[in-house]
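Please read the structure below before turning to the comments.
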Amino acid sequence: MRMRKYLVIYEKGRDGFSAYVPDLPGCTSAGATKQEVEQNVIEAITLHLEVMKDSGLQIPEPISESEMLVLAEK
């Protein structure tokens with residue numbers, strides 16, 4: 001089994017949390033709590049990849065990276 005590592009971006013909103021996967025356009029999830037959205041996005045990624053495979057589409061290689069930048073305020 002081949003393992004792939006996808007970047008997931010989490011955002012906190014007024015009504016809960018959302019997540020998206022930059023390397024899998026259209027792959028998103030939401031939940032009331034961060035824990036819920038973390039569980040939901042795993043399912044979303046799994047289903048997204050299954051649909052792509054079943055449709056004969058090529059699974060994209062993960063290319064996104066992240067980094068936290070700290071900027072000093074003036």
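What follows draws every value from the coordinates through simple rules; no lab data is involved. What you are looking at is a predicted structure, and each value in this text was computed from that prediction instead of being measured. All Cβ positions, glycine included, derive from the backbone under ideal geometry; neighbour counts span all protein chains shown.
Rounded to the nearest 10 degrees, the angle from helix 34-54 to the longest Cα principal axis of the chain is 30 degrees. Compactness of the chain was expressed as the Cα radius of gyration divided by 2.2 N^0.38 Å, which yields 1.29. By the beta-carbon count within 10 Å of each Cβ, the least crowded to most crowded order of Lys74, Lys12, fewest first, is Lys74, Lys12.
Shown for Leu69, Leu49, Leu57, Leu24: other C-beta atoms within 10 Å of each C-beta, ranked fewest to most, produce the order Leu69, Leu57, Leu49, Leu24.
Only helices enter this figure: runs of n ≥ 4 DSSP H residues, each worth -39500 (n - 2.57), summed and divided by the residues of the chain, yield -10000 deg cm²/dmol at 222 nm to the nearest 500. Zone of Ile63 (label point 7 Å along Cα→Cβ, backbone N under 11 Å): which residues in the stretch 1-41? Taking a point 7 Å out along Cα→Cβ of Ile63, the residues of the stretch 1-41 whose backbone N falls under 11 Å are 23.
With R₀ set to 35 Å, the beta-carbon distance separating Ser55 from Gln35 gives a calculated FRET efficiency near 0.65.
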